[in-house]
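Beneath this line is the structure, given in structure tokens, with notes to follow.
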Amino acid sequence: ASNHFKLTAVNAPRIAQICNRLDGLPLAIELAAARVASLSADQIAARLEDLFGLLTTGRRSSLPRHRTLKAAVDWSYRLVPPDEQDLLQRLSVFAGAFSLEAAEHVCSGGGLRPDDVLDLLSGLVTRSLVTMHEESEGARYSLLEVIRQYAEELLASSPERYQAMKRRHADHYASVVVEALPLLERHHSADLAAAITIEYDNLRAALQWSFSIDGDRRLGHRLAGALWRYWGQTWQLSEAEHWWREALAGPEPPESQEWGQVLNGAGTFMYVAGQLERGRELLDRAVGVLDRTGDRVHQVMALSTL
């Protein structure tokens, strides 16, 4: 691709990152290598969020379906039955790996029954469009990033359907951490924290959507308010700081239990981080909101920290 390109100790980690993001697909790596003549490895890595814009080539000698990565994926996609195509688009809202139960909860609806998901998912695994991993907690599934971006682009062509799927995804993972929160609060559980860590790519994606322009901030407050103990137990202070900043941005929402838990979690974080005045302000507000919404457990926690 470039007579001047050399693999060095400096650029090798970035090259490895690019190959990893491209899931080791030979065609994708070949198309990325073609960009070395005009882009640095850092620039290529920065553009991987738009694989199909990056990985194009006009070489006339290539087969039509190999001229761009998108054309190659499109050729494979058209061989898939419509009901499996539909599920593949829905699965694109997942980030990283997911369980069968999560796929059934998030992807059902609109004519697709939860009981249908397994058969359709099995078909996608057979066609190598979805990968199945056997792990200690059971089977988990994932899409190659190339496939995920392609399917997401198709899903996003119907904005209303896309936003509905993103909401179902965020709502599901909010329910997962809300259910886990009381157990985390009673005692430090390494196993439970590890179970949340396994789902964290999806939790972060749910937070990102919830706090986006088209998202649902109340869902974001529900997620952040339930994750505060997990962030504390795993010492993810920079991650927590980022999401508290997102959660506290903008106008004050209507009082709710979720908002009270956000104020309590953020105030506790500020205390741990040594920002005592800011922590006291947030915890004072948390006590009032939690009192008025009847959340005695977290009200007591806020008072204890104060």
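The values are calculated or read from the model by the stated rules, or taken from the named source; none is laboratory data. Because the structure is predicted, anything quoted here is derived from the model rather than measured. Don't worry about glycine lacking a Cβ; one is built from the backbone with ideal geometry, like all the others, and counts go over all protein chains shown. Only protein heavy atoms, including side chains, enter the accessible area calculation; ligands, DNA and RNA are left aside. Shrake-Rupley method; radii C 1.70, N 1.55, O 1.52, S 1.80 Å.
Some notes on this structure:
- For segment 139-223, a simple Cβ point-charge model (Lys and Arg +1, Asp and Glu -1, everything else neutral) yields a dipole of about 180 debye relative to the Cα centre.
- Cα centroids of segment 282-301 and segment 228-278: 14 Å apart.
- Computed from Cα atoms, the angle from the helix 257-272 axis to the main principal axis of the chain rounds to 90 degrees.
- Each peptide in 277-286, 161-170 gets a packing score, the mean of other Cβ atoms within 10 Å over its residues, and the list from highest to lowest is 161-170, 277-286.
- A quarter of the convex hull surface defined by the alpha-carbon atoms of the chain gives 19.2 nm² as the mean projection.
- Estimated FRET transfer efficiency (L112, T8; beta-carbon r; R0 51 Å; 0.05): 0.55
- Using alpha-carbon coordinates, inclination of helix 237-248 to the longest axis of the chain, degrees: 80 degrees
- Taken about its Cα centre, the chain carries a charge dipole of roughly 1120 debye when the Cβ of each Lys and Arg holds +1 and the Cβ of each Asp and Glu holds -1.
- Calculation over all alpha carbon pairs of segment 151-306 in 5 angstrom steps from 0 returns a P(r) of 2, 9, 19, 22, 20, 15, 7, 3, 2, 1, 0 percent.
- Within segment 59-217, the proportion of C-alpha pairs whose separation exceeds 22 Å stands at 46%.
- Computed over protein heavy atoms with a 1.4 Å probe, the accessible surface of the chain works out to 51 Å² per residue.
- Degrees separating the helix 159-186 axis from the principal Cα axis of the chain, which is the longest one: 50 degrees
- Label-to-label distance, V178 versus D201, with points set 7 angstrom from Cα along the beta-carbon direction: 2.6 nm.
- The spread of Cα positions in segment 226-306, taken along each principal axis and listed from longest to shortest, comes to 31, 27, 23 Å.
- Taking the Cα atoms of segment 125-216, the ratio Rg/Rh between the radius of gyration and the Kirkwood radius comes to 1.02.
- Per the Debye formula on identical point scatterers at the alpha carbon atoms of segment 66-113, with no solvent, log10 I(q)/I(0) at q = 0.21, 0.26, 0.27 Å⁻¹ is -0.81, -0.99, -1.02.
- Carbon/sulfur fraction of accessible area - segment 177-306, other protein chains in place, 1.4 Å, %: 53 percent
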